[in-house]
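J.: Let me give you the structure first, and then I'll get to my questions.
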Amino acid sequence: MPFFQSKICLKTLCLLSALTSLTVGADEIMLDNFELNPEQRWRYVSDQVMGGISNGQVVYRKEGDVSYAHMTGIVSTENNGGFIQLRTGVVKGVAEKSAGVILRVRGEPQKYYVHLRTRGTVLPWQFYQASFDIDKQWQTIKVPFSAFKGSSKWLKSAVNSGSIRSIGVVAFGRDHIADIQIAAIGFYD
């Protein structure tokens, strides 16, 4: 059973979601800013769960007044693999009026992805995916729900924001060295 479906973790996520879900701007709802024990809400997962050989880690750091998750690793497409990711459950879903995902990130300049799972993504390899590029300086990136594409033709063509159940930041799909820092993640209207 995935961590976010167990009763203990569900209660923890509900409590922590209440603590970290706050309005930051007129049109932004913060899901997490990586303060207050993020290791209790977030999980590192790699393609090793399905026989791949990608390897990495996530450490939680604080630099001045900025807390962040730092995911590093080697992504390999050998053995049908090709990902490392940092994932959390979205207990309450997302407001229907939300327009997309907002992230505050920096790291080694390259392409990364956001993966969303919904009530309709029941199989482990089903998700909605959108890419974004990062720079070495902190930047805020908005990824509209219209940019997300389903991992298979059996999924609906558009993400239903009210049915989102988890979100992940993913190094995906090609052989490379991943190095990304995430200071905040949430949704915007």
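J.: List the pairs whose first member sits in region 88-99 and is within 14 Å of GLN40 (Cα to Cα), whose second member is modelled with pLDDT of 85 or more and part of a loop (DSSP other than H, G, I, E, B), and whose Cβ atoms are under 9 Å apart, counting only residues at least 6 apart or on separate chains?
T.: THR88/ARG41; GLY89/ARG41
J.: Tell me which of these GLN126 doesn't satisfy, since it passes every other one: (1) touching a residue at least 60 places away in the same chain (Cβ under 8 Å); (2) within 20 Å of SER54 (Cα to Cα).
T.: (1)
J.: Take region 66-90 and flag every residue that is hydrophobic (A, V, I, L, M, F, W, C) and either modelled with pLDDT of 95 or more or surrounded by fewer than 20 Cβ atoms within 10 Å (Cβ to Cβ) (or both).
T.: Of all residues in region 66-90, those hydrophobic (A, V, I, L, M, F, W, C) come to 66, 69, 71, 74-75, 83-84, 86, 90.
Those that are hydrophobic (A, V, I, L, M, F, W, C) and either modelled with pLDDT of 95 or more or surrounded by fewer than 20 Cβ atoms within 10 Å (Cβ to Cβ) (or both): VAL66, ALA69, MET71, ILE74, VAL75, PHE83, ILE84, LEU86.
The values are calculated or read from the model by the stated rules, or taken from the named source; none is laboratory data. These figures come from a predicted structure and were not determined experimentally. Counting neighbours? That spans all protein chains shown, and the Cβs are built from the backbone with ideal geometry, glycine included.
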